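Chemist: Handing you this structure, nothing more for now.
The values are calculated or read from the model by the stated rules, or taken from the named source; none is laboratory data. Note that the structure is predicted; figures quoted are calculated from it, not measured. Every residue, glycine among them, receives a Cβ derived from its backbone with ideal geometry; neighbour counts consider all protein chains shown.
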Amino acid sequence: MMDEPLAVFRDAGGSPRVVLDRCPHRNAALSDGRVADDGCIECPYHGWRFDGDGSCRAVPGLYEGDAATATARNVSWHAATERDGFVWVWGAAGEDPTREPFAMPDLLHSEHASKPRKNWQVGEVIFPCDLDATLHAALENTLDVPHTAFLHKGIFRGKRLKELTAERTDFDGGVEVEFIGEPVGLGPIQGGPFAKKTFKHWDRFVMPCVAQVEYRVDDWLEIFNNVIHVPLSPTVTRAWFVFRWWTPLPARLLAPIVAAQGRLVLRQDKQAMAQQSKNIERFGGERFASTDLDLLGAAIWRLLRQAEKAEDRQASALDDTLTEGATNLRFRA
Ligand code: FES
Ligand SMILES: [Fe+2]
């Protein structure tokens, strides 16, 4: 995480624990070791053992009264917790978290559930993808509608542009855009039985690393694409895609279609972001010119910057070229 190698293991109680992946003794990778019966992680070289708080619990062969102080033998640790099948790691070492991890929407108990849904089924597709992109570029890509009509033309937006309205609102710990009036359709499948229906569609950024896309069609479909981003380094971001949907159609039939469409779109995004990163490197930094269509990019940037207390000099330089974007906009996509 952010160029810091971490070793993740489960202690004797089964809880996830995270320590720096470097043995304080002679720098061996603790992740190459094993978890001993006492739930400590054991270095593969001389067998020092560390508990989940990073405290050195055993040094094989050592008599009492060794010269090294106990603290010098400890390894730094990160708070970790498990939720929705993910292990969430607190960014700063040696700190207790001040808030809970992102809560994945629970479609079965969705607050949006308006109709009886006893025959509806929940489907889910989860996969990771490493992107050659900054955290900001990856988050913006997931939530950027205009590129979908261009880069992904014909896949999930049709060849004909549609008029829609977007409204941007801040909420506590994030920002969202609601898109209003988009007729239901998927790539080449337009019109027909869905012609009169419209999507309800929200794009959200939830601090510090989640991009969420929600689509709803009354009586027919509810989809959440939650993308959890892990900055592996300043320019490589691991995106975990958690697609969940809720529909009267059989979830089993839909899963392969959703997965295939998702991967097709993602391949194009991955390539576009890699080329973008390569060019940024070629020019030695980023520069932005935005229009009102860039609804979330500047808002995400602002929130990320506030979080890092604007200490980064590069961040303030970029501030001039990222505009706020409209909060209410009619456009075509
Ligand atoms: S390097 Fe880890 S115990 Fe020696
Ligand atoms: Fe895309």
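Chemist: Residue 170 passes all but one of (1) out of contact with any Ser or Thr (no Cβ under 8 Å at 6 or more places or on another chain); (2) free of Cβ contacts under 8 Å to residues at least 40 places away in the same chain; (3) more than 16 Å from ligand 2 (Cβ to nearest atom); which number fails?
Modeler: All conditions are met except number (2).
Chemist: Here's another thing I want to ask about it. Would you mention how many residues in segment 115-140 are modelled with pLDDT of 90 or more and in a loop (DSSP other than H, G, I, E, B)?
Modeler: 3
Chemist: Counting just the residues of segment 91-114 that are more than 30 Å from residue 219 (Cα to Cα) and of a type in the set (D, E, K, R), which one comes out modelled with the lowest pLDDT?
Modeler: Here the answer is 99.
Chemist: Which count do you get for residues in segment 262-285 that are surrounded by 17 or more Cβ atoms within 10 Å (Cβ to Cβ) and at pLDDT below 90?
Modeler: 1
Chemist: Restricting attention to segment 185-196, does a residue exist that is in a loop (DSSP other than H, G, I, E, B) and within 16 Å of ligand 2 (Cβ to nearest atom)?
Modeler: The answer is yes; a qualifying residue exists.
Chemist: Considering segment 256-271 alone, what residues qualify as being closer than 16 Å to residue 146 by Cα and of a type in the set (A, V, I, L, M)?
Modeler: Scanning segment 256-271 gives 265, 266.
Chemist: Does any residue in segment 24-37 that is within 13 Å of residue 8 (Cβ to Cβ) come within less than 6 Å, Cβ to Cβ, of a residue that is near ligand 1 (Cβ under 10 Å from one of its atoms) and assigned to a strand (DSSP E or B) six or more places away or on a different chain, and which pairs are these?
Modeler: 33/42
Chemist: Search segment 142-159 for residues that are in the same structural domain as residue 300 (by TED's automatic domain parsing) and within 18 Å of residue 225 (Cα to Cα) and pair each with any residue that is assigned to a strand (DSSP E or B) and at pLDDT 90 or above when their beta-carbon atoms are under 6 Å apart and the residues are at least 6 apart or on different chains.
Modeler: Once the first residue is in the same structural domain as residue 300 (by TED's automatic domain parsing) and within 18 Å of residue 225 (Cα to Cα) and sits in segment 142-159, its partners that are assigned to a strand (DSSP E or B) and at pLDDT 90 or above give 142/211; 142/227; 143/203; 143/211.
Chemist: Looking only at residues that are among the β-branched types (Val, Ile, Thr) and farther than 20 Å from residue 254 by Cα in segment 119-156, which one is farthest from ligand 2 (Cβ to nearest atom)?
Modeler: Result: 134.
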